[in-house]
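One structure below.
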Amino acid sequence: MAANQDSEDPEEEIPFENEIDGLLARLTLKEKVGQLNQLNGSEQTGPAVEDVDLEDEIRNGKVGSVLNADGLENRERYQRIAVEETEHGVPLLFGYDVIHGFRTLSPIPLGEAASWDPDAVRASANVAAAEASASGIHWTFGPPVDVARDARWGRSMETSGEDPYLAGELAAARVRGFQGDDLTAADTVLACAKHYAAYGEVKAGREYNTVDISESTLRDIHLPPFEAAVTEGVGTVMNAFTVFEGIPAGASKRLVRDVLKDEWAFDGFVVSDWNSFREFIYHGVAGDERDAAELAIEAGSDMDMVGHIYTNELVNLVEDGTIDEALVDDAVRRVLRSKYRLGLFEDPYRYFDDERRKETVLNETHREIVRDVARKSIVLMKNERDVLPLDDVDSIAVVGALADSADDVLGDWRGCGRPEDAVSVLDGIEGTVDNAEVRYAQGCDRSGMVSATLREEAIETVEETDVAVVAVGESYELSGEASSRSDIDLPGEQQELLEALQATGTPVVAVLMNGRPLALPWLSENVPAILETWFLGTEAGDAIADVLFGNHQPSGRLPMSFPQTVGQVPIHYNHLPTGRPQHRAEAGWGTSYLDIPNDPLYAFGHGLSYTTFEYADLELGALTIKMNEPLSIGLTVENIGDVVGTEVVQVYIHDLVGSRARPVKELKRFRKLELEPGERREVTFEIESDDLAFWTADEVFAAEPGEFDVMIGHASDDIRLTDSFELRA
Ligand code: BGC
């Protein structure tokens, strides 16, 4: 069952359809096409596009939606023109990239994914929706639900990482957080699952590059999070810039019309990406704009973002009989349906309330919520000799330009976030400690470059203190759209700086900031403590200090594998077995490299705590289940350390024999548990045969009878309990 949240009561099947029929009958063809046109307000979030007088275009009924309109006042003025100065008064839809917050920012999505906490992620999307809607925004271009398979790809930061199940759970949580239960409520916004589909597979991690994957990778890895978003009722979907089987995603009838709209019964609308219909010409599948418009509307892509392709071509295409007007009507129906669902016909000005904006944006409750998710997103990657938490130090050196930056912590796609609202690492530490001296040395600039003076100063400061907290990683511009990197180690001379600081003998805690997995073998080998903090948003510094000083237990787990070197990329835990797996092959004949191991430096699901957990008593409800019968999986987890801690119990399965090779492990469930010292808790999961389904050799999505291993782990490379069961037809 998908999409239409409103269709449960047959009496009410698809509300507003009568109103939409009436309106469609009144609009001229040109006005209908206007509804499919989205124009830009001020800031451009892509290459320059044709400059037009936005107000005139709205007045002439040529605009259905505006993105990047600047400020509540402008939005309200544009809305008045649409409603009061056009013949039919169809309200505009205002869109904006509210990716990880509007003004109060939560961690970048990859960071939030490390929380493995759908409730926290939903709450953070809820904050974003409240602030955006209070500022006159109706529609966010989020959540991005791409599955990132290559750390070089800069947009990894926008994703929930490499796993389709985790990405699907978080996609659903974000859609719930943005849209709430009631889209007409003043504090919810229409969501947009993007970028449909398989954008995360750009070859060599290079932005906008070709995607060339199999149907089974598409179905098993990339589509599940989109389907999860659709099932949760996401209102819109955005096309990817990339091709699938040589066809640009927005021109792919199979992706858009067949899978999304027919198979999944998605009843919202599909928007292009920035000018991406015109890019069909550059891809070489359309000779001109007319071809591009025809391909897009036939494929089922409904709205043209800033390209003017639909407004330039659709009327002619219908009038000369090339396309059926019904295609245009269906697209317009979908756009109007969204406007009705948002309550815009009832009151087009309901989202313009300056009082509400002032009370809502950046309020204390929002700051608390994003601080909570920020703390939960931090991953303790390494903690030798229990350097952390810092509970017994008299002096702390804080080093690195990133440590003193309230700008970088906001990350890319920062909406209206501002550095002056944010807490840097240095501010967070200074605001938290009361009994220790804090000394700052810059050490290197934001790009990681070190001068002799900076080096000396940093060494001297570190020599004189009990511990050094060194912020290293990427400045925020190194990830995001059009920010792929071929090298994913520490930029500049940060490693040399760390080597010098490490040589002082003062214990070093590396606080990493980055929008993608980095390759950090030296760091991992030599520095005793590593805290992965991504870009944590407005409350970054406070959240980091909470974990550094043990006021919050680290509980994040990696949503994406960290390679030993870029040469291992793409690397993910859920790979297929080969015919010569290493553990089975004779020495020298297994799948391997000559120069590096196969394993990542830090695996998917990895993350430490300030305590340790013991797993026991795995019990499956049955040794055999039939199709559609659930299987219960029970176990116990005990906190065997001295402090409270949070464990993320991870359930993986392996389908031993399939009509296609099956991944060596696939995450199917997870649960976060907070346990007091010595506390032991029973945990039960239930999986169903649907959870075992995949794109079979018969080209259907189905579970196949056979043997399955169940693996319960602390991480994908740290399996603690195993058992197996059989699925019978
Ligand atoms: C990005 C989208 C974004 C759009 C509008 C494009 O360049 O790919 O993710 O929503 O711009 O800002």
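Numerical summary
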read-out	value
Qualifying residues in region 188-225 (those that are open to solvent by less than 30 Å² (accessible area, probe 1.4 Å) and of a type in the set (Gly, Ala, Ser)) - the one farthest from GLY284 (Cα to Cα)	ALA191
Unique match (being within 14 Å of the ligand (Cβ to nearest atom) and at positive phi) among TYR199, TYR208	TYR208
Residues located in region 127-159, provided they are closer than 14 Å to ASP97 by Cβ, of a type in the set (A, V, I, L, M) and within 15 Å of the ligand (Cβ to nearest atom)	ALA128, ALA132, ILE137, MET157
Residues satisfying the stated conditions in region 237-258, i.e. away from the ligand (no atom under 16 Å from the Cβ) and either surrounded by fewer than 21 Cβ atoms within 10 Å (Cβ to Cβ) or outside any helix (DSSP H, G or I) (or both)	PHE244, GLU245, GLY246, ILE247, SER252, LYS253, ARG254, ARG257, ASP258
Among the residues listed as HIS88, HIS100, the single one being open to solvent by 50 Å² or more (accessible area, probe 1.4 Å) and either at pLDDT 95 or above or away from the ligand (no atom under 16 Å from the Cβ) (or both)	HIS88
Hits in region 151-187 (condition: open to solvent by less than 10 Å² (accessible area, probe 1.4 Å) and in a loop (DSSP other than H, G, I, E, B))	ALA151, TRP153, THR159, SER160, GLY161, GLU162, ASP163
Residue check for VAL83: within 18 Å of LEU23 (Cβ to Cβ), buried (at least 24 other Cβ atoms within 10 Å of the Cβ) and away from the ligand (no atom under 16 Å from the Cβ)	no
Qualifying positions in region 43-66 - within 12 Å of the ligand (Cβ to nearest atom) and surrounded by fewer than 24 Cβ atoms within 10 Å (Cβ to Cβ)	GLU43, GLN44, THR45, GLY46, PRO47, VAL49
Pair list, Cβ under 6 Å, 6 or more apart: region 273-286 residue in a helix (DSSP H, G or I), other residue within 15 Å of the ligand (Cβ to nearest atom) and not β-branched (Val, Ile, Thr)	PHE280/PRO248; HIS283/PRO248
Wholly within region 468-579, helices (runs of 4 or more DSSP H) carrying at least 2 residues that are closer than 30 Å to ASP655 by Cα and modelled with pLDDT of 95 or more	none
Where GLU19 falls short, out of the listed (1) closer than 24 Å to VAL237 by Cβ; (2) open to solvent by 70 Å² or more (accessible area, probe 1.4 Å); (3) within 16 Å of the ligand (Cβ to nearest atom)	(3)
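Here is a yes/no grid of residues against (1) open to solvent by 60 Å² or more (accessible area, probe 1.4 Å); (2) within 26 Å of SER115 (Cβ to Cβ); (3) out of contact with any helix residue (DSSP H, G or I) (no Cβ under 8 Å at 6 or more places or on another chain):
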site	(1), (2), (3)
LEU631	no, no, yes
GLY641	no, yes, yes
ILE653	no, yes, no
GLU674	yes, yes, yes
ARG680	yes, yes, yes
LEU692	no, no, yes
VAL700	yes, no, yes
ASP717	yes, yes, yes
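The values are calculated or read from the model by the stated rules, or taken from the named source; none is laboratory data. Remember, predicted model here, so these are calculated numbers, not experimental data. For neighbour counting, all protein chains shown are included, and Cβ atoms are generated from backbone atoms with ideal geometry for every residue, glycine included. The area values use the complete protein model at the heavy-atom level, side chains included, leaving out ligands, DNA and RNA. Shrake-Rupley method; radii C 1.70, N 1.55, O 1.52, S 1.80 Å.
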